[in-house]
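The values are calculated or read from the model by the stated rules, or taken from the named source; none is laboratory data. Small disclaimer: the values here were computed from a predicted structure and weren't measured. Note that each Cβ is placed from the backbone with ideal geometry, even for glycine, and that neighbours are counted across all protein chains shown. Surface areas here come from the heavy atoms of the whole protein model, side chains and all, with no ligands, DNA or RNA. Shrake-Rupley method; radii C 1.70, N 1.55, O 1.52, S 1.80 Å.
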Amino acid sequence: MGGQVLGIFYLIASVTFIIGLKLMGNAKTARNGNLIGAAGMILAILGTLFLHHGQVNPVIYILIFLAILIGTIIGWTTAKKVQMTKMPELVSMFNGMGGACAALISLIEFNHQALSAESISKGTLVSIMAGLVIGSVSFSGSIIAFLKLNGTMKNPIRLPSYNVINTIILSLLLLFAGYMVFTGGSLILAYALFASALFYGIMFVIPIGGADMPVVISLLNSFTGLAAAFGGFLYHNKVMLTGGILVGSAGTLLTLIMCKAMNRPLSNVIFGAFGASTTAETSTETKGNIKDIAVADLAVLMNYSKKIVIVPGYGLAVAQAQHVIHELEILLEERGVEVKYAIHPVAGRMPGHMNVLLAEANVDYGKLVEMDEINPEFESTDVVLVVGANDVVNPAAKNNPSSPIYGMPILEVDKAKNIIVNKRSMNAGYAGIENDLFYDPKTSMFFGDAKKALTELVAEIKTL
């Protein structure tokens, strides 16, 4: 009877995961989707704990609920306090913890199976080794991604023939795992495989440049989901399998979208080749004149425009200027100006970063327009206001075959009648290359911290 009830619990939880994932595809319903998915997870945990076959020592329950309480407090407190600019780092860390759990489960289960009287089946060994390797790679890779996003590791580290080295390490790692499956291995070898997978995870992510981090986060997220799915196979746990498949497939699809947005084939991601083109590249060659614009002149220009497109970037997040940009939008619309936001798939430090940032300021989701839809509208746009974005609007991606970002789809803001770029300085963007847009005759630089500069702009427009 308990098994049937547990099966129903798992079915309900699986359905909530699917519904929650669907709702998280829209900013308006994302919060509800998150809550529904969390409710399903709570149901699955409680069902597993109290409908489990066999007797369980009460002390085990105490330890489990104590661990849940500690984890809940840490997770809740961290999520409440984290700044929006630090959200990518938090996602990387949480994702890494999921990978670590999958790897530890595999180690514990291997030890448990090894101590039992029965021999370990090949299918069980495959699940254990796959969860161990993939979870370990996800954990160590996510930690390196966290350090890069946090600024602790600012520059990629590349050795000669890095792609060849990483491919050899990966091949040896897979052969090691295969040997463990076919021979049964030993606990010492299992720990050696664990250490080897951790090492590969570090080697996999460490050469990758910061501009490619959105792809890395998506890929590592899919790894964690896949590791969890193998845990579901291991324990014949349907809800664990369903959740892992959903996370893994969603992460894989997002990775493909990110690769397309950055014009990088998935094979380059898998074999670690996609960090090569993101090394810092600056030019001392004078490409033209830079002109700036006073806040009073910009206020007049925007006040008498018919259509304005705002391009948000990481600089907007750093300055915490999402609320004032929304205030500017409302002010302009009250004066009859059409305002939209152009969202590049890899704007910010993680997929959807700008969507979440603007949703926090209650920007109407209908005003957030994706790259493919907004690009044809730039020719009819009076003013484009680029706030803290850089690489995603760099015309070199279209015009300069020698540029590291050549071929990457960009927001074609250079087609607008007037281009205003708000930056604190002339420093290069996350990819470390100079932006040709700054030298466009139609471009005017609006220097200053985004929040302070936009606040002054709003105050000036109100006087008109």
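For region 1-115, the residue among Trp76, Leu43, Phe94 whose Cα projects farthest onto the positive side of the dipole built from Cβ charges is Trp76. For the chain, which whole percent of the accessible surface, found with a 1.4 angstrom probe, sits on carbon and sulfur atoms? Of all accessible area on the chain, carbon and sulfur atoms account for 65 percent. Site-free segments of the chain were taken between chymotrypsin sites (Phe, Trp or Tyr not before Pro) in DSSP loops having at most 16 other Cβ atoms within 10 Å, sites themselves excluded; the longest one is 1-270. Rounded to the nearest Hz, the phi-derived 3J(HN,Hα) couplings of region 8-18 under the Karplus curve 6.51 cos²θ - 1.76 cosθ + 1.60 (θ = phi - 60°) are 5, 4, 5, 5, 4, 4, 4, 5, 5, 4, 5, where x marks glycine and proline.
Round to a whole angstrom and tell me the spacing of the C-alpha centers of region 377-403 and region 192-252. Centre-to-centre (Cα) distance: 34 Å. Fully extending the segment from Glu327 to Ile64, taken as 0.36 nm per residue of separation minus the present Cα-Cα distance, adds 90.0 nm.
With 10 Å bins beginning at zero, the pair-distance distribution over Cα atoms of the chain amounts to 4, 18, 27, 23, 15, 9, 4, 1, 0 %.
Take the alpha carbon gyration tensor of region 1-78, find the square roots of its eigenvalues, order them as a ≥ b ≥ c, and report rounded if a/c is under 1.5; if not, report prolate when a/b exceeds b/c, else oblate. Oblate, since a/c reaches 1.5 and b/c is not below a/b.
With helices as the sole contributors, the chain gives -19500 deg cm²/dmol at 222 nm; each DSSP H run of n ≥ 4 counts as -39500 (n - 2.57), and the sum is divided by every residue.
Placing pseudo-labels 7 Å out from each Cα toward the beta carbon at Met153 and Val300 gives an inter-label distance of 5.2 nm.
Using a probe of 1.4 angstrom and keeping all protein chains present, the accessible surface of the chain works out to 48 square angstrom per residue.
Using the Cβ-Cβ distance between Ile202 and Asn34 with R0 = 35 Å, the FRET efficiency computed as 1/(1 + (r/R0)^6) comes to roughly 0.70. Taking a label point 7 Å from the Cα of His112 along the Cα→Cβ vector, which residues of region 160-188 have an amide N closer than 17 Å to it? The answer is 187, whose backbone nitrogens lie closer than 17 Å to the label point.
According to the square roots a ≥ b ≥ c of the eigenvalues of the Cα gyration tensor, what is the shape class of region 294-389, taking rounded for a/c under 1.5, prolate for a/b larger than b/c otherwise, and oblate for the remainder? Prolate. Extending 7 Å from Cα along the Cβ direction at Asn263 and again at Thr463 yields two label points whose distance is 4.4 nm.
Relative to the current alpha-carbon distance between Val56 and Val318, full extension at 0.36 nm per residue lengthens the span by 89.4 nm. Summing Cβ point charges (Lys, Arg +1; Asp, Glu -1) relative to the Cα centre of the chain gives a dipole of roughly 720 debye.
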